[in-house]
2 protein chains.
Amino acid sequence: MKTIEQFLESKDIRVTAMRLLVYKFLAEKEVTVTLSDIENAFAKADRTTLYRTVKTFEDKGIVHQIDDGTGITKYALCEKGCNCEIETDLHLHFHCNNCGETVCLTEHKIPQIKVPDGFVSENVNLVVKGICDKCSGQ
Amino acid sequence: MKTIEQFLESKDIRVTAMRLLVYKFLAEKEVTVTLSDIENAFAKADRTTLYRTVKTFEDKGIVHQIDDGTGITKYALCEKGCNCEIETDLHLHFHCNNCGETVCLTEHKIPQIKVPDGFVSENVNLVVKGICDKCSGQ
DNA sequence: CAATGAATGCACTTCCATTGCATTGATTTT
DNA sequence: AAAATCAATGCAATGGAAGTGCATTCATTG
């Protein structure tokens, strides 16, 4: 069992108090978060620092960005079957129209998408919108 | 064969010179366009007017928005198999990483996406990124 | 301990989406 | 046809989010 510190170091990320806090925040969130979410969680920290912290995580491959169509970038830790560094990995996400939260459905894989002749598929972004399990009352 | 004027009226859209021009512009474009694209095409017109013109078209169901992950909203006329008013219709779009253009692949339908128990799917947004037919040299 | 380089914080910029309000324009009512 | 009404337009301004420059703080290393 690695500590978070060891994990970050293994990913070539220098450990700081800020980064530990942001990592823990992301880890305990089961849904994707916006930069504003993080900002609200750490009111004392500067927005830019948080922005760059998440960006560093992204560059080092432990966080991925989600574009769920709301126009606001969401972030989530890469884990549990997330292979977002692999180009062909399908980033399936679910956006709830009721609570507004977006969750990663990493365990749900999607068949290969066919594109017309002449088109070369490098990456696929798939967002399903509807009502999530919490809001549907199940 | 309806005229554009008749078509707009049938959709409960009052006909104006501006709206006719914007409609024609969208109609002759085979790719999706941004508000800036429209703005550049009609330098004399005000950005707000164009914005509201497109929004009106969208509200009346003859234009749909595309979020291709670039962060900039794209628009396209609904036609040729586009059933975006139907919730379950798959909005398949292709974004070219080379030329930056986004096209609608309305003729390419995708199998139903399965979501976990408790989740209710209402709408699906699918964006494939890669190289388009024009840029791939075919 | 000094030096170096990264991390942080503050200020600022840019870009796009959106709204308020006054004015213009068109349509309907008298 | 003139007046009244309502939508469309244009201008100005706002707001939100992403991103950058630079000075300062912090931590690591020689």
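Descriptive notes on the structure:
- The set of residues in segment B:93-138 being more than 7 Å from chain A (Cβ to nearest Cβ), outside any strand (DSSP E or B) and open to solvent by less than 50 Å² (accessible area, probe 1.4 Å) consists of B:Gly100, B:Thr106, B:Cys135.
- Some residue of segment B:65-77 being open to solvent by 30 Å² or more (accessible area, probe 1.4 Å) and touching a residue at least 60 places away in the same chain (Cβ under 8 Å): yes
- Taking the criterion of being of a type outside the set (Lys, Arg), in a helix (DSSP H, G or I) and farther than 22 Å from B:Thr106 by Cα, the residues of segment B:13-36 that qualify are B:Ala17, B:Met18, B:Leu20, B:Leu21, B:Ser36.
- Enumeration of residues in segment A:4-31 that are in contact with an Asp or Glu (Cβ under 8 Å, 6 or more places away or on another chain) and within 12 Å of DNA strand D (Cβ to nearest atom): A:Val15, A:Leu20
- Any hit, segment B:40-48, residues being open to solvent by less than 60 Å² (accessible area, probe 1.4 Å), away from DNA strand D (no atom under 14 Å from the Cβ) and either of a type in the set (Phe, Trp, Tyr) or within 25 Å of A:Asn125 (Cα to Cα) (or both): no
- For A:Tyr51, the criteria (1) more than 27 Å from A:Ser10 (Cβ to Cβ); (2) near DNA strand D (Cβ under 10 Å from one of its atoms) hold in every case but one, which is (1).
- Residue that is under 16 Å from the mean Cα position of the chain (by Cα), within 15 Å of DNA strand C (Cβ to nearest atom) and modelled with pLDDT under 95, where the choices are B:Thr34, B:Thr106, B:Thr70, B:Thr53: B:Thr70
The values are calculated or read from the model by the stated rules, or taken from the named source; none is laboratory data. The model shown is predicted, which means the values in this text are computed figures rather than measured ones. Note: ideal-geometry Cβ built from the backbone for every residue, glycine included; neighbour counts use all protein chains shown. Accessible surface areas use protein heavy atoms only, side chains included; no ligands, DNA or RNA. Shrake-Rupley method; radii C 1.70, N 1.55, O 1.52, S 1.80 Å.
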